[in-house]
1. For labels at residue 28 and residue 44 in the simple 7 Å Cα→Cβ model, what's the distance in nm?
2. How big is the range 5-49 on each of its three principal axes, counting only the C-alpha atoms and giving the largest first in Å?
Amino acid sequence: MSEPKSTVTTRNATADALEGSIKEAIGKLIGDGKVEAEGRAQQSMSVEKASPKSDVKSKPRPKP
């Protein structure tokens, strides 16, 4: 039995966020701003990956 796609996406996003957090901490520890920035960017990407996207647009309400 396979897991729902949303669960798999959430797990991957969580793993990416953790990896980004570790990368950011290592960058701070060794004083490498590039590695630190890569870690922050990876965390941001994981948040975007985990958040659901909706293509449905709300319908405009008619004026009374």
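Since every read-out is calculated from the coordinates, none of them should be taken as a lab result. Just so it is clear, the model here is predicted, and its values are computed rather than measured. With ideal geometry, Cβ positions are generated from the backbone for all residues, glycine too; neighbour counts draw on all protein chains shown.
1. 1.8 nm
2. So the extents along the principal axes, rounded to whole Å, are 38, 13, 8.
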